[in-house]
Amino acid sequence: MNRIMSEREPTSLEYALLGLLHQQPQSGYDLRKIFATTAIGNYSSSPGVIYPALKRLERREFIGGVIDDTKSLRPKKIFRLTAIGSEIFRRWLLQEISTDDVGRRFDELMLRFAFHHVVEDSGASRNFLLKLARRLEAYVKELETQLLLFPEQAPIEPRLALEAGIAQYRAAARWARKALGYFKEDT
């Protein structure tokens, strides 16, 4: 396991694959269909991306594949999450949210939250949302400070782009606070 752990961190696509396989064993074709027909598709439905990612995950022993030739003339490989893959996936779901995550990897944060139902801790989703809301609110304050320091003689377009970013992060923080209402507070 040390050899596996010393390699690079899985990509967002690889984590998405782990999440889908956590839900149920599937073939590469089945996974491609999910990527092609759902919102998760922004990670790519291309066989030139999906199949190499599955091979990397299998090589690292995060998933295992077994040939299933019982249901069709054309055998297909069914992938399942391994114990190592499950642990890596769970660790990713529960890792801390950094300012860098908020500013540079917000889509990945939403991917983590989308799979958060697999965590068998009723307070985990609430905790995630609370930390997310706090990080977003702090980041909005940082951006507002940058806006105050924006030179008056600078072109208007960069200022407007910064204002758009502030509006998006504010909206995300409001959403996180609202979403908290779906999860009971631990008593």
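Bear in mind these aren't lab numbers, they're just calculated from the coordinates by the rules spelled out. This structure is a prediction, so every number in the text was calculated from the model and none was measured. All Cβ positions, even for glycine, are placed from backbone atoms using ideal geometry, and neighbour counts span all protein chains on display.
Placing +1 on the Cβ of every Lys and Arg and -1 on the Cβ of every Asp and Glu, with nothing else charged, gives the chain a dipole about its Cα centre of roughly 560 debye. The amide H of SER27, built 1.01 Å from its N in the peptide plane, has PHE79 as neighbours under 5 Å, considering only residues 5 or more places off or on other chains. Among the listed pairs LYS55/LYS76; LYS131/LYS178; LYS33/LYS184, which have their C-alpha atoms separated by more than 23 angstrom in this model? Pairs exceeding the cut-off: LYS33/LYS184. Helices meeting the span-like rule in the chain (full DSSP H runs, Cα extent of at least 15 Å along the helix axis, mean Kyte-Doolittle score of -0.5 or higher): 12-23, 47-59, 83-94, 124-148, 156-180. Put simply, the amide H of ASP68, placed in the peptide plane, has neighbours under 5 Å in LYS76, LYS77, ILE78, leaving out anything fewer than 5 places away on its chain. As a rough guide to protection, the peptides 172-178, 18-24 ranked by mean Cβ packing within 10 Å, highest first, stand as 18-24, 172-178. Centre-to-centre separation between the Cα atoms of the range 138-187 and those of the range 32-63: 32 Å. Comparing mean-square fluctuations of LEU160, LEU54, LEU93 from a GNM of the chain with C-alpha springs under 10 Å, the top value falls on LEU160. On the principal axes of its alpha-carbon atoms, the range 2-94 has extents of 40, 28, 22 Å, going from largest to smallest. Stretched out straight at 0.36 nm per residue, the stretch from SER98 to SER27 would grow longer than its current Cα-Cα span by 22.2 nm.
Residues THR70, THR38 in ascending order of nearby Cβ atoms (within 10 Å, fewest first): THR70, THR38. Once both labels are positioned 7 Å from their Cα atoms along Cα-to-Cβ, the gap between ASP68 and ARG134 label points is 4.3 nm.
When Cα Rg over 2.2 N^0.38 Å is calculated for this entry, the matching label among (i) 1.25; (ii) 1.05; (iii) 0.99 is (i). Checking every one of the GluC sites (Glu not before Pro) in the range 95-187 against DSSP loop status and a limit of 14 other Cβ atoms within 10 Å picks out GLU96, GLU120, GLU152, GLU185.
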